[in-house]
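For reference, the structure discussed in these notes is given below.
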Amino acid sequence: SAQQKFYVDLNNRADKLFKVTLVSEKLTEQNKIYQFASTAPGSYQTMDIGRFVRSFQAYDETGNELESKQISTNQWELEEPVKTKKIVYTISETWDTPVKENPVYAMCGTALEKDNVLINGQDVFGYFHGMQKTPIKIKLDYPKEWLAGTALHLDKDGFYDAPDYDYVVDSPILLGNLTKATTKIENTSVDVYTYSKTGKVSSDQLLNLLEDILTATSQFTQGLPVNHYTFLF
C-alpha cells in the first residue's frame, strides 16, 4: 500500500527550523492539497501550524520543481500531484516563534535547542488530503551522542513506524542530552526519558515516583491497560 516517508534533519538547529523532506508514493488528483494541522486532539485550541511554515517546494522524480501555492493558512495545493514525488519544507519551532494570537500551548509545541529537541507530531508533519489514514515512516537525523525517547516503534532500517497520521500526533518525541530509566511493572514495560537543563533531575528519580503511582494504579485497575508506557520529561 502507499506510504509516506518523512526525513527530518535535526543537526543544524541554529535557525530554529525543522528541515523536512517527504517522499510520497502514488499521489492522485484527490491528494493535491497538503494539509498542516489547524488544531490537535486534546488541546481544544487553534494552532494553525501553517503559520510556522517558512518554505515549501514540490519536486518530480528527476528533481525539477513543480508549481505549488499556499491557498489558506494551513493548506498548500500541488499543481501536478501525480508527478509529485517529493516535498521539501521548513517549519519553525513553536517555542521561540512569537505569534500575535493563538500561541501554541507549550506542552503541545516544538523546540529546537542546542542540547534537546521536542517534537509534537502535528507541529512538524502534515498529510495529503485523502491520506490521513496512510502509514507513515519517519527518519530523524540527529547528533549521534543523543538519546531519543518516544512510544513510536523503530524498525530495522531506522524509521519510526506509525499506522497513520493521528498515531504520529499521539506520539511525541523527545531527543537530546537525556537520561533514561526502564522498569517492568507486572507485564508492562516503562521507559522514562528526561531532559534536565541543570542535570539535577534524572530519569531514575522520576521513575521512583512513577513506580509507586503505576503500581497503585495497577492494583486499582487490576492490571495496567497497555503493555508499554513511555514518559517524556
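The values are calculated or read from the model by the stated rules, or taken from the named source; none is laboratory data. Bear in mind that the values here come from a model prediction, so they are computed numbers and not experimental data. For neighbour counting, all protein chains shown are included, and Cβ atoms are generated from backbone atoms with ideal geometry for every residue, glycine included. Quick note on the areas: whole protein, heavy atoms, side chains included, nothing else; ligands and nucleic acids left out. Shrake-Rupley method; radii C 1.70, N 1.55, O 1.52, S 1.80 Å.
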With a sphere of radius 10 Å drawn around the Cβ of GLN122, what net charge do the other residues whose Cβ falls strictly inside it have (Lys, Arg +1; Asp, Glu -1)? -3
Helix-only estimate, please: 222 nm mean residue ellipticity of the chain, summing -39500 (n - 2.57) across DSSP H runs of length 4 or more and dividing by its residues, to the nearest 500. -3000 deg cm²/dmol
11 Å beta-carbon shell around GLN132, net charge (K/R +1, D/E -1): -1
Using DSSP to define loop residues, name the trypsin sites (Lys or Arg not before Pro) in region 174-226 whose beta-carbon has at most 13 other beta-carbon atoms within 10 Å. LYS197, LYS200
Cα-projected label distance for ASP164 with LYS139, points at 7 Å along beta-carbon direction, nm: 2.6
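At 1.4 Å probe size, put THR182, THR215 in order of accessible surface, largest to smallest.
Largest to smallest exposure gives the sequence THR182, THR215.
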Taking only C-alpha positions in region 108-162, Rg and Dmax in angstrom work out to 12.6, 38
Measure nothing but the geometry: give the 0 to 90° angle between the long axis through the Cα atoms of 203-221 and the longest principal axis through the Cα atoms of the chain, rounded to 10°. 80
For region 74-121, fraction of C-alpha pairs farther apart than 12 Å, in %: 73
Tell me the net charge near TYR193. Cut-off is 14 Å between Cβ atoms, TYR193 excluded, with +1 for each Lys or Arg and -1 for each Asp or Glu. -2
If contacts are Cα pairs under 8 angstrom and at least 6 residues apart, what is the relative contact order of the chain in percent? 19
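With a cap of 15 neighbouring Cβ atoms within 10 Å, and only residues DSSP puts in a loop, list the GluC sites (Glu not before Pro) found in region 60-90.
On the way: sites: GLU61, GLU65, GLU67, GLU77, GLU79; in loops: GLU61, GLU67, GLU79.
When the GluC sites (Glu not before Pro) of region 60-90 are filtered for loop state and at most 15 Cβ neighbours within 10 Å, GLU61, GLU67, GLU79 remain.
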Could you rank TYR142, TYR34 by how accessible they are, 1.4 Å probe, largest area first? TYR142, TYR34
Whole-percent carbon and sulfur share, accessible surface of the chain, 1.4 Å: 51
Please work out how much accessible surface VAL88 shows to a 1.4 Å probe, ignoring ligands, DNA and RNA, in Å² rounded to 10. 40
Taking a straight Cα-to-Cα line shorter than 16 Å from LYS86, and setting aside same-chain lysines fewer than 8 residues away, one finds LYS5, LYS19, LYS26, LYS32, LYS69, LYS137, LYS139
Ranked by accessible surface with a 1.4 Å probe, highest first, in what order do SER202, SER218, SER38 come? SER38, SER202, SER218
Counting heavy atoms of the protein chains only and a 1.4 Å probe, report the per residue accessible area for the chain as a whole number of Å². 53
Sort out for me the Cα centre separation of region 167-224 from region 98-149, rounded to whole Å. 20
For region 116-233: span of alpha carbons on each principal axis (Å, largest first): 44, 37, 26
SASA check, HIS228, accessible area w/ 1.4 Å probe, all protein chains in place, rounded to nearest 10 Å², comes out at 80
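Using alpha carbon coordinates only, what is the Rg to Rh ratio of region 13-144, with Rh defined as the Kirkwood radius?
Taking Rh as the inverse mean 1/r over Cα pairs, Rg/Rh reads 0.96.
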